[in-house]
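Heads up: the structure comes next, in structure tokens.
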Amino acid sequence: MVKFVDIHTTNISKIEDLLIFIASSASSEITINSLANKTGLSNITVEWYLKYLEKLGWVIMLNKFWGVWETIRKERKIYLSNTAILYIFSHNLLEKSVFIWNIRETFVISNLYNIKEKYDFEIFFKSRTDIILVFNSWEKIELEIWWKNKSRNDVFVVKDDILIWDKKSIPLWVFWVLD
């Protein structure tokens, strides 16, 4: 990584700390401030490293979907770009239920991210929805990842314990074959 961007070699371990913190936290808990505090870096340096980690394909950053009803704050959710990277940096740090939750979200986000240009959509998040896919015509599809005991008619639920797609539930495995 040092060959591609101007990073002091003394900060390589800080980048590893950054990746470990992202991997071991729920995406909703990660902020630039929390990353800066955990790594001992400034907010500007964290933003800079995240920008380059995104360019290198190590992280995916989702912006908040802006609408009239949303607050006007620049918020982002930060994910590692695939489950292999997630596993490398977090498998010994998390309790099993949190790790499985992170795997589900990372799996869906990374597979959608890989096909977004092919199918011409953008990926955002909303306060009350894990993922919102916005197509060129401004049509939207909202997805919740494993939302077991709640029901909303305007949201599709991605589940890993079903095999067949129904009106409001999508099997997790579908995101593997979307390419």
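Tabulated data for the structure shown
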item: Total residues in region 30-60, condition within 15 Å of residue 106 (Cα to Cα) and of a type outside the set (Gly, Ala, Ser); result: 5
item: Within region 14-34, considering residues that are in contact with a Ser or Thr (Cβ under 9 Å, 6 or more places away or on another chain) and without any contact (Cβ under 8 Å) to a residue 24 or more places away in the chain, the one farthest from residue 127 (Cα to Cα); result: 17
item: Selection within region 57-115 - farther than 19 Å from residue 160 by Cα, at pLDDT 90 or above and not in a helix (DSSP H, G or I); result: 57, 58, 59, 60, 61, 62, 78, 79, 80, 81
item: Region 124-141: number of residues that are part of a strand (DSSP E or B) and either more than 15 Å from residue 170 (Cβ to Cβ) or hydroxyl-bearing (Ser, Thr, Tyr) (or both); result: 7
item: Residue 130 being surrounded by fewer than 19 Cβ atoms within 10 Å (Cβ to Cβ), of a type in the set (Asp, Glu) and out of contact with any Pro (no Cβ under 6 Å at 6 or more places or on another chain); result: no
item: Residue 38 modelled with pLDDT under 90, charged (D, E, K, R), surrounded by 13 or more Cβ atoms within 10 Å (Cβ to Cβ) and outside any helix (DSSP H, G or I); result: no
item: Unmet requirement for residue 175, which otherwise passes all of (1) modelled with pLDDT under 85; (2) in contact with a strand residue (DSSP E or B) (Cβ under 9 Å, 6 or more places away or on another chain); result: (1)
item: Candidate set: region 1-35, residues that are under 30 Å from residue 128 (Cα atoms) and of a type in the set (Asp, Glu); chosen: the one modelled with the lowest pLDDT; result: 29
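The values are calculated or read from the model by the stated rules, or taken from the named source; none is laboratory data. None of these values were measured; they are calculated from a predicted model. Positions of Cβ are backbone-derived with ideal geometry, glycine not excepted, and every protein chain shown enters the neighbour counts.
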